[in-house]
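Asker: Once you've had a glance at the structure underneath, I'll fire off some questions.
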Amino acid sequence: MIFLLDFDLTLTDSLRGLVESVRYVYTEKFLGSRFIDLDYSEFLRIYYRDDLASLLPNDVEIRWSFWESVWRRYTKTFSLQGSLFKCALEALTYLRGRGLIYVVTGREIRSCEMRDELNHLGIRELIYGLYTVGDFGRYTKKKDLFKYLVDKYESLGFRRSDVVVISDSYRDLENASNLGAEAIGYVPHSLSLVKELFEEKGFKYISSWCESTHLINLIDKSIATKSHRLMY
């Protein structure tokens, strides 16, 4: 199996640092001396529902530049960086015994800029590779990374269903499903908003990395169901 794991709010609890970085960059770029009053619940609502579309201009250059600045500040400010979710390290070790693990993130920065963060979290040796949209050039989308990896392993003889995407973003899961990969949701902090989105879209999910066995059972069951359908 090939596991493509999202990073922020899936493996790492980066909520506090992400919100603080968004506040700082948004204030600097759009508000001048005024400070954006954005609390965690409001941030999560617009982050998951519209990807901050209600805050940012509908301009690809502005949006890319904004998020690039957010993630660069986050990675360069140690006090902003989050920690792994409970049992994430054990889950990575468990999944490593089942296949190759990639971290695939939508951060608009280069993967080399995350090297210290991965070392600090202690996961660099557990993953086979790290891909960011920043590695693929400006205006790349995360679905492009998924397609690259799914196509790569299909050309090596893997089935598309051998690729498993795990993410807190329903958009990631939609992109994975469209490519024929398995899609499993992760619910950070047991957020009801994220659960509702997954259930609304029909995606299976876990609420804790401590559910590693349940996760594998979900994947195996889904693959078996697909194989049964193909037989008939």
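The values are calculated or read from the model by the stated rules, or taken from the named source; none is laboratory data. The shown structure was predicted, so the numbers you read here are calculated from the model rather than taken from an experiment. Cβ placement follows ideal geometry from the backbone for every residue including glycine, while neighbour counts extend to all protein chains displayed. All accessible areas refer to the heavy atoms of the entire protein, side chains included, with ligands and DNA or RNA removed. Shrake-Rupley method; radii C 1.70, N 1.55, O 1.52, S 1.80 Å.
Asker: Please report, in Å, the Rg and the Dmax of the stretch 135-200, where both are computed over Cα atoms only.
Answerer: 13.1, 39
Asker: Any cysteines in the chain with zero other Cys Cβ atoms under 4.7 Å from their Cβ? List them, or say none.
Answerer: Here 112 come out as lacking a disulfide-compatible partner, given the Cβ-Cβ threshold of under 4.7 Å.
Asker: Taking a quarter of the surface of the convex hull around the Cα atoms of the chain, what do you get in nm²? Can you show the working numbers first?
Answerer: Numbers: hull surface 51.2 nm².
Result: 12.8 nm².
Asker: Which length gain, in nm to one decimal place, applies between residue 51 and residue 211 when the Cα-Cα distance is subtracted from 0.36 nm times their residue separation? If you can, show how the numbers build up before the last one.
Answerer: On the way: separation 160, 0.36 × 160 = 57.60 nm, distance 2.77 nm.
That works out to 54.8 nm of additional length.
Asker: OK, next. Measure nothing fancy, just the Cα-based angle from helix 15-26's long axis to the longest principal axis of the chain, in degrees from 0 to 90, nearest 10.
Answerer: Long axis of 15-26 versus the principal axis of the chain: about 40 degrees.
Asker: Please name whichever of 112, 137, 122 sits farthest to the positive end of the charge dipole of the stretch 94-163, dipole taken about the Cα centre and charges placed at Cβ: Lys and Arg +1, Asp and Glu -1.
Answerer: Farthest towards the positive pole: 137.
Asker: Sequence gap at least 6, Cα distance under 8 Å: using those rules, report the relative contact order of the stretch 41-187 to the nearest whole percent. Kindly include the intermediate steps, with their values, before the conclusion.
Answerer: Details: 158 pairs, mean separation 24.3, N = 147.
Relative contact order, the stretch 41-187: 17 percent.
Asker: Taking 22 Å as R0, compute the FRET efficiency from the Cβ-Cβ separation of residue 110 and residue 41 and round it to 0.05. Can you show the working numbers first?
Answerer: Numbers: r = 32 Å, r/R0 = 1.45.
That pair, residue 110 with residue 41, gives E of 0.10.
Asker: About its Cα centre, how strong a charge dipole does the stretch 12-111 have in debye, to the nearest 20, once Lys and Arg get +1 and Asp and Glu get -1 at the Cβ? Provide the component values of the computation, followed by the final result.
Answerer: Details: 15 positive and 13 negative charges, 78 e Å.
So the dipole magnitude of the stretch 12-111 works out to roughly 380 debye.
Asker: Let me ask you something else. Using just the helices of the chain, give the 222 nm mean residue ellipticity in deg cm²/dmol: DSSP H runs with n ≥ 4 each add -39,500 (n - 2.57), and the total is spread over all residues, rounded to 500. If you can, show how the numbers build up before the last one.
Answerer: Numbers: 9 runs with 109 residues, N = 232.
After summing the helix terms and dividing by the residues of the chain, the value is -14500 deg cm²/dmol.
Asker: Once amide H atoms are built 1.01 Å from N in the peptide plane, which residues 5 or more positions from residue 14, or in another chain, come under 5 Å H to H?
Answerer: For residue 14, whose amide H was placed from the backbone, the distant partners under 5 Å are 9.
Asker: Roughly how many debye, to the nearest 20, is the charge dipole of the chain about its Cα centre, given +1 on each Lys and Arg Cβ, -1 on each Asp and Glu Cβ, and no other charges? Don't jump to the answer; show the numbers that get you there.
Answerer: Numbers: 32 positive and 33 negative charges, 83 e Å.
Dipole about the Cα centre, nearest 20: 400 debye.
Asker: Quick check on my link table: of 29/141; 86/221; 76/195; 147/201; 152/204; 147/195, which ones sit more than 29 Å apart, alpha carbon to alpha carbon?
Answerer: 76/195, as the Cα separations exceed 29 Å there.
Asker: Show the residues, 5+ positions off or on another chain, whose built amide H is closer than 5 Å to the amide H of residue 3.
Answerer: 100, 101, 102, 164
Asker: Let me ask you something else. With a 1.4 Å probe and all protein chains left in place, how much of the accessible area of the chain comes from carbon and sulfur atoms, in whole percent? Intermediate values should be presented prior to the final figure.
Answerer: On the way: 5480 of 11180 Å².
Taking all protein chains in place, the chain shows 49 percent carbon and sulfur surface.
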